[in-house]
1. Can you name the condition, by its number, that Lys73 falls short on among (1) open to solvent by less than 60 Å² (accessible area, probe 1.4 Å); (2) part of a strand (DSSP E or B)?
2. Give the range 1-48 a look and list any residue that's open to solvent by less than 50 Å² (accessible area, probe 1.4 Å), outside any helix (DSSP H, G or I) and aliphatic (A, V, I, L, M), or say none.
3. So which residues in the range 31-58 are out of contact with any Gly (no Cβ under 8 Å at 6 or more places or on another chain), farther than 19 Å from Lys73 by Cα and in contact (Cβ under 8 Å) with a residue 12 or more places away in the chain, if there are any at all?
4. Looking at the range 68-126 only, could you name the residues that are within 13 Å of Lys35 (Cβ to Cβ), in contact (Cβ under 8 Å) with a residue 60 or more places away in the chain and not aromatic (Phe, Trp, Tyr)?
5. Among (1) crowded, with 20+ Cβ neighbours inside 10 Å; (2) farther than 24 Å from Ile4 by Cβ, there is one condition Ala66 misses while meeting the rest; what is its number?
6. Answer yes if at least one residue in the range 87-96 is of a type outside the set (Gly, Ala, Ser), in a helix (DSSP H, G or I) and out of contact with any helix residue (DSSP H, G or I) (no Cβ under 8 Å at 6 or more places or on another chain), and no otherwise.
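The values are calculated or read from the model by the stated rules, or taken from the named source; none is laboratory data. Values in this document were obtained by computation on a predicted structure and should not be read as measured data. Cβ coordinates were reconstructed from backbone atoms using ideal geometry, including for glycine residues, and neighbour counts include every protein chain displayed. Areas reflect the complete protein model, heavy atoms only, side chains present, ligands, DNA and RNA absent. Shrake-Rupley method; radii C 1.70, N 1.55, O 1.52, S 1.80 Å.
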Amino acid sequence: MPQIPLKYRDAERWSFGDTESSADELAKRVIAGTKTATCSNLDDDPEPEPGEIFVVVDGRNNPVCAVQLTEVKQVPFDQVTEQHAWEEGEGDRTLAYWRKEHQRFFEEYEMFEPTMPLLLMKFRMVEKF
């Protein structure tokens, strides 16, 4: 298992997707440079800021790389763009796919509203482990 370099030991860990296999696949897409964005619902946690570093983990919580946020903005679900869907790098990378999968995800947690505010985050990989 890769070790997290000491400089990232206190960084928050991120896993993408909602299954072990999707987390594995999406971590590979981060490494490949296909996935350069993500989103989350607004919650009580402090909003992340550009410059912050996170450790991406696979479906078994193994660290794969560190990413640094380059942009964070709030956008309603129904105003997410095709460009953002492409940068998230999931499925066929279309907005239709993005909307379908993210609506499904948020509905599972009884959070979905068509105008719900999301945090859209762009990042760049800074180190592969």
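1. Result: Lys73 fails condition (1) only.
2. Ile4, Ala11, Ala37, listed by residue number.
3. Hits for the range 31-58 are Ile31, Gly33, Val55, Val56, Val57, Asp58.
4. Once the filter is applied, which keeps residues that are within 13 Å of Lys35 (Cβ to Cβ), in contact (Cβ under 8 Å) with a residue 60 or more places away in the chain and not aromatic (Phe, Trp, Tyr), the range 68-126 yields Gly89, Glu90, Met121, Lys122, Arg124, Met125.
5. (2)
6. yes
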